[in-house]
Amino acid sequence: MSWFRNFIHLVKQSPPQRKPAALLAHSPPSLTLLLRHFSSTQIQSNHPGSRPTKGDEKPRVVVLGTGWAGCRLMKDIDTNIYDIVCISPRNHMVFTPLLASTCVGTLEFRSVAEPIGRIQPAISREPGSFFFLANCMGVDFQNHQVHCQTVTEGVNTLEPWNFKVAYDKLVIASGAEASTFGIKGAREYATFLREVYHAQEIRRKLLLNLMLSDVPGMTLTEEEKRRLLHCVVVGGGPTGVEFSGELSDFIKKDVQQRYSHVKDYIHVTLVEANEILSSFDDRLRVYAIKQLTKSGVNFVRGIVKDVQPEKIILNDGTDIPYGVLVWSTGVGPSSFVKSLEVPKAGGRIGIDEWLRVPSVQDVFAIGDCSGFLESTGKTVLPALAQVAERQGKYLAQVLNNVGKSGGGRANSATGLDLGEAFVYKHLGSMATIGRYKALVDLRQSKEAKGVSMAGFSSFFIWRSAYLTRVISWRNRFYVFINWVTTLVFGRDISRI
């Protein structure tokens, strides 16, 4: 009868009702207050997905994040051994290599998003497995608990709700956040290209600017019209180059036909401080610059010093006006990762050869948020999808073996043999540059020798590889149909 004792205690805390005036000021606990109180004491402690697991229940693996690493781990983990609780502010995985194609209608948004329940069906059907739409605010390593807060963006009627989730094994796969290098105005005025809603925002801005520039009677000067239709991409990595290629294709083919009145005003500028595609073979880089220049992409070498609502300012004082600004200058550690009191490796969570966080029990870290400690003798791996996916696959095998050996419970895996250490072998890099051309670099490093190619054959390899990497057959079908209809009928960017 603990709930009754809590109720009596709460009622006693409310001030006495002495007169009508005080009755309004000091009313008994409201239903909302009672629900909040009981939720924090009784309901939360008894929730099968948050309380500590019992002896007759499966041990619980808590996964923070729904990126490449976390989703591959959840896909391969043995749900006959473990219950899975996934905590993330996003209830789907984004196939990031194809995200640029959605901005201009080459692909539809649903083609690049996979619900978590489809990746690991146990989360939807097993009584001890759950998905919580929340941010992780901190970790109590001593008591094996994660502190979470619900995501309520866009819902004005709900306040963020704090709760705790107990774990037997914790896998931190929270990824990284877009890096702005502290440049003023970048987060306020630029659009990143990491989530589906980023691509939706870019498409909306692009289409609105195209239509506003063609409205009769609007007092737009020639200079203002050129600014409105100027798309600036900051960052010459694979994301920036692929988006520039998709956008130049869209301008050459679709804008020429559908927005012919403003076709001479729209153009693309790619700003990079050093060399574009710096990890690719030099021959491929020269080929990419040549093809993108032929497609109308203007290259500017410089460092962005300031971002303002309608222009960016470079370190040499050059002003570049823009209507759409896309920021793709790499990633860095998130505020959550920075807040964790564990050894770091280049700002990331430090891990050993088995992807464990060695300073605490039962905690692992994979993906962009993790990096090998200096004591391992290994270098910090790049923030790539193939690195994250490989780590997720490896760690799922490790946890499955640990569970079969009886080490699935909290503090029960000490001394267990985890098998061979994680070894990463780079399979190569690919990037599309538009006009049915792509780059394929199969070397294991920039200094190593290997196969590198460019052109239509590379484009065919690029599309085939990504078509097979999309997780579900449903999404593979969507991607294939989108590509075919784009080839025959053009891009579908008619909807805001």
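The values are calculated or read from the model by the stated rules, or taken from the named source; none is laboratory data. Quick caveat, the model's predicted, so the values are computed rather than measured. When we count neighbours, we look across all protein chains shown, and the Cβ atoms used for this are built from the backbone with ideal geometry, even at glycine. Surface areas here come from the heavy atoms of the whole protein model, side chains and all, with no ligands, DNA or RNA. Shrake-Rupley method; radii C 1.70, N 1.55, O 1.52, S 1.80 Å.
When only Cα pairs below 8 angstrom with a gap of at least 6 residues are kept, the chain shows a relative contact order of 18 percent. For the set 218, 453, 93, solvent exposure ranked by accessible area (probe 1.4 Å, protein chains only) runs largest to smallest as 218, 453, 93. About the centre of its Cα atoms, the chain shows a dipole size close to 760 debye [charges on the beta carbon of Lys, Arg (+1) and Asp, Glu (-1) only; nearest 20 debye].
Residues whose amide H falls under 5 Å from that of residue 298, counting only those 5 or more places apart or on a different chain, are 268, 269, 270, with hydrogens built in the peptide plane.
To the nearest 500 deg cm²/dmol, what mean residue ellipticity at 222 nm is calculated for the chain from DSSP H runs of n ≥ 4 alone, each contributing -39,500 (n - 2.57), summed and divided by the residues?
Details: 16 runs with 158 residues, N = 496.
Rounded to the nearest 500, it is -9500 deg cm²/dmol.
Counting only C-alpha contacts under 8 Å and six or more residues apart, can you give the relative contact order of region 369-496 as a whole percent? Relative contact order for region 369-496 comes out at 11 percent.
How much accessible area per residue does the chain have, in Å², with a 1.4 Å probe?
On a per-residue basis, the chain sits at 49 Å².
Which loop-located GluC sites (Glu not before Pro) does region 327-401 contain, where loop means any DSSP state but H, G, I, E or B and the Cβ has at most 11 other Cβ atoms within 10 Å? Let's see the in-between values first.
Values: sites: 341, 353, 374, 389; in loops: 341, 353.
Answer in residue order: 341.
Ligands, DNA and RNA left out, the accessible area of the chain computed with a 1.4 Å probe is 55% carbon and sulfur. Taking each residue as 0.36 nm, the span from residue 310 to residue 253 lengthens on full extension beyond its C-alpha to C-alpha distance by 17.8 nm. At the residue level, residue 287 shows approximately 60 square angstrom of accessible surface with a 1.4 angstrom probe and all protein chains present. Between 0 and 90 degrees, the angle of helix 2-13 with respect to the longest Cα principal axis of the chain falls at about 90 degrees.
Exposure check, 1.4 Å probe, all protein chains in place: residue 334 carries approximately 20 Å² of accessible surface.
If I take R0 = 35 Å and measure r between the Cβ atoms of residue 187 and residue 457 in this structure, what FRET efficiency does the formula 1/(1 + (r/R0)^6) give, to the nearest 0.05?
Working: r = 40 Å, r/R0 = 1.14.
Calculated value: 0.30.
Between 0 and 90 degrees, the angle of helix 456-469 with respect to the longest Cα principal axis of the chain falls at about 10 degrees.
The amide H of residue 351, built 1.01 Å from its N in the peptide plane, has 371, 372, 373 as neighbours under 5 Å, considering only residues 5 or more places off or on other chains. Each Lys and Arg contributes +1 and each Asp and Glu -1, all at the Cβ; summed about the Cα centre of region 388-476, the dipole is approximately 440 debye. Relative to the dominant Cα principal axis of the chain, helix 473-489 is inclined by about 20°.
Where does region 259-412 land on Rg(C-alpha)/(2.2 N^0.38 Å)? Numbers along the way, then the final one.
Working: Rg = 22.2 Å, N = 154, 2.2 N^0.38 = 14.9 Å.
Output field value: 1.49.
For the cross-link pairs 205/425; 225/305; 184/425, the ones whose C-alpha atoms lie over 30 Å apart are 205/425; 184/425.
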